[in-house]
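Quick notes on the structure that follows.
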Amino acid sequence: MIRAMSAQIRLVEITDANRDAVVAVRVHPAQERFVASVEKSFADARENPDARPWFRAVYDGDVPVGFVMLSWDTVPGPGLLGPYFLWRLLVGAGHQGRGYGTAVLNEVVALLRPAGATELLTSCVPGEGSPQPFYLRFGFVPTGEVDEDGEIILRLDLGSRP
């Protein structure tokens, strides 16, 4: 359990009981070109089992406010970055600006360290409305690489986080 502002945040397994509520979580329309939907994330996870997708809903109390998906301890290869890759992070439009994104990343870091991870990779499309400034503020740094989709690859040294 972690705090975002004064809210309790939980990472919750997605089940038949909460799936529809989690799928309904959407970013601002202007952000849709930067962050795929929860539904698209489920499809990506099904289509890429070698990525070893791990995903959770982000809850504040009983309300789903976001979604996170990682490649968990995968073998890097063509089209696969890792071993730990932040594949998706989204916070619903009505819940942004309250510290949820940072809280989720802090929780992810806390889960990755005991798993033996030393770094977390992610990627993003640059441009107005991109999550890149958020990732940079959190401590990710550009690797100098760009993926096949033109996304900038970012790296977080897990030892750099408290």
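Nothing in this text is a laboratory measurement; each read-out follows from the coordinates by a stated rule. Since this is a predicted model, take the numbers as computed values, not measurements. All Cβ positions, even for glycine, are placed from backbone atoms using ideal geometry, and neighbour counts span all protein chains on display.
See the values below:
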read-out: Every pair of residues 6+ apart whose Cβ atoms lie under 7 Å, when the first sits in the range 144-161 and is in contact (Cβ under 8 Å) with a residue 40 or more places away in the chain while the second is outside any strand (DSSP E or B) and polar (S, T, N, Q); value: Leu158/Thr118; Gly159/Thr118
read-out: Residues that are crowded, with 22+ Cβ neighbours inside 10 Å and in contact (Cβ under 8 Å) with a residue 24 or more places away in the chain, drawn from the range 65-80; value: Val65, Gly66, Phe67, Val68, Met69, Leu70
read-out: Residue pairs meeting the criteria (Cβ under 7 Å; at least 6 apart or on separate chains; first in contact (Cβ under 8 Å) with a residue 24 or more places away in the chain, in the range 115-137; second aromatic (Phe, Trp, Tyr) and part of a helix (DSSP H, G or I)); value: Thr122/Tyr135; Cys124/Tyr135
read-out: The lone exception for Leu90 - which of (1) within 11 Å of the chain's Cα centre (by Cα); (2) assigned to a helix (DSSP H, G or I) it fails; value: (2)
read-out: Filter result (farther than 18 Å from Arg155 by Cβ and in contact (Cβ under 8 Å) with a residue 12 or more places away in the chain) within the range 81-100; value: Leu90, Val91, Gly92, Ala93, His95, Gln96, Arg98, Gly99, Tyr100
read-out: The range 27-46 residues that are closer than 21 Å to Gly150 by Cα, paired with ones that are among the polar types (S, T, N, Q) (beta carbon under 8 Å, 6 or more apart); value: Phe34/Ser130
read-out: Count - residues of the range 58-81 that are farther than 15 Å from Leu111 by Cβ and more than 9 Å from the chain's Cα centre (by Cα); value: 16
read-out: Residue count, the range 31-62 (criterion: of a type outside the set (Asp, Glu) and either closer than 16 Å to His95 by Cβ or in a loop (DSSP other than H, G, I, E, B) (or both)); value: 14
read-out: Some residue of the range 16-30 being in a strand (DSSP E or B), among the charged types (D, E, K, R) and at negative phi; value: no
read-out: Within the range 119-161, considering residues that are among the β-branched types (Val, Ile, Thr) and over 15 Å from Ser71 (Cβ atoms), the one surrounded by the most Cβ atoms within 10 Å (Cβ to Cβ); value: Ile152
